Structures are given as C-alpha cells and as structure tokens.
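Any read-out appearing in this document is the output of simple, stated calculations on the displayed coordinates, not a laboratory observation. Quick caveat: nothing in here was measured; it's all calculated off a predicted structure. Note: ideal-geometry Cβ built from the backbone for every residue, glycine included; neighbour counts use all protein chains shown.
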Amino acid sequence: MKVFSLSETAIDPVVLSSQLENFGTGAIVTFEGRVRDHNDGRAVRGLAYQAYAELAEAEGAKIMKEARARFEISCAVCVHRVGELVLGELAVWVGVGAAHRDAAFAACRYIIDEVKSRVPIWKREHYSEGQPEWLHPAKGSAR
Amino acid sequence: MKVFSLSETAIDPVVLSSQLENFGTGAIVTFEGRVRDHNDGRAVRGLAYQAYAELAEAEGAKIMKEARARFEISCAVCVHRVGELVLGELAVWVGVGAAHRDAAFAACRYIIDEVKSRVPIWKREHYSEGQPEWLHPAKGSAR
Amino acid sequence: MNYTMLYFASLRDAAGCDSERIASGARDPRSLYGEIAARYRFTFVMEHLRVAVNGEFAPWDQALADGDEIAFLPPVSGG
Amino acid sequence: MNYTMLYFASLRDAAGCDSERIASGARDPRSLYGEIAARYRFTFVMEHLRVAVNGEFAPWDQALADGDEIAFLPPVSGG
C-alpha cells in the first residue's frame, strides 16, 4: 500500500484507519477534508479534483517521507480523491500513528498543510448559481 | 447523545465519526488513544481505567463546552473507556468537526489535553513482569 | 459530623473499600484528610491531591456539612 | 525543438486540450511560457506558476532538451 495515493473512487476511512493500528501506537490522529456546501460565501453544489497524477504522487510521497523524518511517528497514510465529488464526500484523508500524541498531531497537520500547498491537484467548484470555477488561490490564502 | 461520555464497552469510531458529518463541515480531526504495549520502558500487558463517574462526566462536559466557546467548531464528541482493556484497544476517542482545519486541530488537541489533565479517571497498568500499578503522574509529565 | 468518603485508584487500594460512612470532628477537607491519611497510611501530600465535595471540585478549606460526600482525588491518568 | 505540453485546470480550459506536441525555438521554460501564454491568452504571470519538466519540478531557466514534457502549473487547490 502506498503511503500517498490518488483515488478515483470513494475514500474509505475505516479501511485506512485499520492500517494504522498496531500495539506500539498509542496515538492516532486523522484529518478528513470533506466537500462543504459553501466556500467564500457561495453555495457549492459539488466539485471536481484534477491532478497531474505522476507529479502529485511523487510530491505526495516526498511529503510523507519528510513527515517521517521530522516527527517521531510510526506510520502515516494520505489519500486524495480525484474526479467528481458530491457534497459531504471525502476529498482527502490523512492518518498518522505515533507512540505519543504530540508527534501524531504535528505530523498530521504538517502533511495536510504541505499537501494543500505543494501537491499539483486542482479543485473546480460547481455553484448553485453561476459558472463553475477553478480555484487557484494566491499565496497566503485562508486555511 | 452526550458530547462527553464514559463507556464500559468497546468504543466504535465508525459510529462516532458518522455523528460528526454534515455538509457544512469541511474538516474533521479525530484523536484515538490506544493501549500501547509499552510505557516508560516497561512491557505492558493491558490496563484498567477507573473513573469517578459523576464528576468525570460533569468535568468532561465542561471541557467540551469550553472547546465550543474557544474554537469555531460545529461539533465535538469525546468518549473515554472505563474497565479492563487489552493491548491495542481504544482508550479514548475525540472527534471535532469545523468549517476549517485550524479550528478542528486546535479544538481536538485542547479536548484531549484537558481530558487527560482534569477528568478524574485513573489508569492501572498490568505489566509483563511485576505488580500492576496505578499511574498518578506528577504535574508536567510527558505527553 | 457524619461524612460519606469515596476512594479511587491507589487510595481505594489503601483504604480497602470504595466508599464508607465515617464520623469525624473535622470541619473542612484539610483536617479531614489529616485524619484519613493517618488511618490508611495515604502517602500523598495534599498538594498532589484535589478534593471533591458532593460531586464537585472544592477548595481544601470549604466548610463541610453533615452528610457531605467527600473524595480525595489522586493525580489523574486518563487518556 | 519538439516538446510535449501538458495542461491542467484553467490552463487546460484555455488551451482546449490536455496535451499537445509543439515545435518551438524556446530553450528554457521561461521563453516557452512567453510563446504559449501568448498563443492561448493565459493570464497568469510567471510568478504565480510553477514549472515541471519530465514529471519533476524545475527552475524557469532549466535548459530544455528535444522531446521534453513540460507543464506550467497554476496555484494548486487540493485538500
């Protein structure tokens, strides 16, 4: 199983979580990013993610390696959806296991922050009113 | 469903997670504390949690209320096990949903930190060698 | 006065029971702890304990009333 | 020289295709972007884009070789 992967089908957090469990892992922190029904004040109907798959997988794998080097963690997994998503659907899942919670929280946060800022994946939002739009945030945009 | 509760039976993260999902929730952060096979260099076989149930539930509810007041979150749930636990079993589960991940991470961390330091629950570890011991950490103990 | 004592964790082991009714001349948790700690050889200094009276955290100098339910709480270790 | 261009997100919409083979006199991504941006009326300034050559991030002044696969990447919005 790859520690970072793109998925064209629904992400199953139950299956992913089960990969993190082992007897030395006292703390598991997970992050789930879901499709919200609003963004920047506009009502959102759904969205699509497009990826430069080859580079996204390489850059994602690099982030996971960085996280394992920086933090005392025992395991980390991240899956990002591509394709069309409906409201409430899982867009990204990050799970980190560690002996202690400091490292688990820090690594989980590091991974999602880096994935959002570095991995070549783009979001196209479909609104209740008006044309769909690609999101190309400038640096320093809201988290 | 109570936002903070004690459980005498196995915690089911799937059921708990499902309570956090709604269309306005873009970010869900969860923390799972599991029984590790070691602590402070000693091999652990299992453990038991004992609670002052009445006060633990009141203090836990207070922590959840503080989290909702301090952070922009839409929902938060925490369940803590009591009784005998085996290796790998879930001891505590915290889940927080928010529009944005900053608040979800901060609130999840706040809840587990406060629960560990304030809620009257005590852990008794069973070791591979020697007598079981109650853990009564002094202030400032390792996280 | 009569109090109901609750014991938890290592204090429960030391007391040999999870609760008991006692008669005492102590009028606050501070002096009550002196009595009880001597009886059961509790090793905790007060600074490492918290007190609960009737299911709520309370200060060491709270005036106790007849029938109060009192617990001395060792450092917690949940999570 | 001949290059394979890859387009993503709004640049794909503007180019009207996800990839194409082109012939160009440009020898680095910087001058190549000038050509391509003019052809398809890309509105991004270079400072807001990153470049990838053969599946890896690359600097704007990297020397290009015949047959290279090049992508100009708009600000990402995954997660």
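A few notes on this one:
- As a proxy for reagent exposure, ranking B:ILE121, C:ILE22 by other Cβ atoms within 10 Å from fewest up yields C:ILE22, B:ILE121.
- Net +/- balance of residues flanking B:GLU84 in space, Cβ distance below 14 Å, scoring K and R +1, D and E -1: +1
- Note on chain C: dipole from Cβ charges, positive end direction compared against C:ALA15, C:ALA63, C:GLY78; the farthest Cα belongs to C:ALA15.
- Charge dipole of chain A about the Cα centre (unit charges at C-beta), most positive-ward option of A:SER18, A:SER128, A:ALA76: A:ALA76
- Counting Cβ atoms of other protein chains within 10 Å of each residue's Cβ and taking the mean over peptide A:114-124 gives 5.
- A helix-only calculation puts chain A at -9500 deg cm²/dmol for mean residue ellipticity at 222 nm, using -39500 (n - 2.57) for each DSSP H run of at least four residues, averaged over all residues.
- Cα centroid of segment B:111-126 to Cα centroid of segment A:58-85, whole Å: 31 Å
- Using only side-chain charges placed at the Cβ, +1 for Lys and Arg and -1 for Asp and Glu, the dipole size of the protein assembly as shown relative to its Cα centre rounds to 560 debye.
- Pseudo-label separations to other copies for C:ASN54 - Cα-to-Cβ vector, 7 Å, nm: 8.0
- Kirkwood radius and radius of gyration were both taken over the C-alpha atoms of the protein assembly as shown, and their ratio Rg/Rh is 1.13.
- In terms of distances greater than 30 angstrom between alpha carbons, the cross-link table entries A:LYS65/A:LYS123; B:LYS2/B:LYS123; A:LYS2/B:LYS65; B:LYS62/B:LYS123; A:LYS116/B:LYS123; A:LYS2/A:LYS123 yield A:LYS2/B:LYS65; A:LYS116/B:LYS123.
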